[in-house]
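The values are calculated or read from the model by the stated rules, or taken from the named source; none is laboratory data. None of the values given here were measured: they were computed from a predicted structure. In this analysis, Cβ positions are derived from the backbone assuming ideal geometry, glycine residues included, and neighbour counts consider all displayed protein chains. Surface accessibility is based on the protein's heavy atoms, side chains included, excluding ligands, DNA and RNA. Shrake-Rupley method; radii C 1.70, N 1.55, O 1.52, S 1.80 Å.
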Amino acid sequence: MKMYEAVWEIFNLCSNNQMRDVFIEELELEDPEAYICNKFKDKDLTYEKSILPDGSIVFDIMTTDIKQRYTFTEI
């Protein structure tokens, strides 16, 4: 298992409001992609996975018209 800093961003899609909720936590995970699938298992989930040059793993997520992003950085 690896230890990750996970940053979860929930974007506000309402016009005239560009604020977003941001949550930060440390997680010990075997597979961040399995974590995403399990976390949103009861939702209509689509996502794109990207790996940044620094090794961070980014998931751009859509669940029932809510845009979210999870970024996992190994610590």
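Evaluate the chain: find the radius of gyration of its Cα atoms, find its Kirkwood radius, and give the ratio Rg to Rh. Rounded to two decimals, Rg over Rh is 0.98. At an R0 of 25 angstrom, the distance between the Cβ atoms of A34 and T73 translates into a FRET efficiency of 0.90. Whenever you get a sec, compute what percent of the accessible area on the chain sits on carbon and sulfur atoms (1.4 Å probe). With neighbouring chains kept in place, the figure for the chain is 48 percent. Loop-resident GluC sites (Glu not before Pro) (DSSP state other than H, G, I, E or B) in the chain with no more than 12 further Cβ atoms inside 10 Å of their Cβ: E30.
Per-residue SASA remark: V7, around 30 Å² accessible (1.4 Å probe; ligands, DNA and RNA not included). The residues of the chain expose on average 71 square angstrom of accessible surface per residue, using a 1.4 Å probe on protein heavy atoms.
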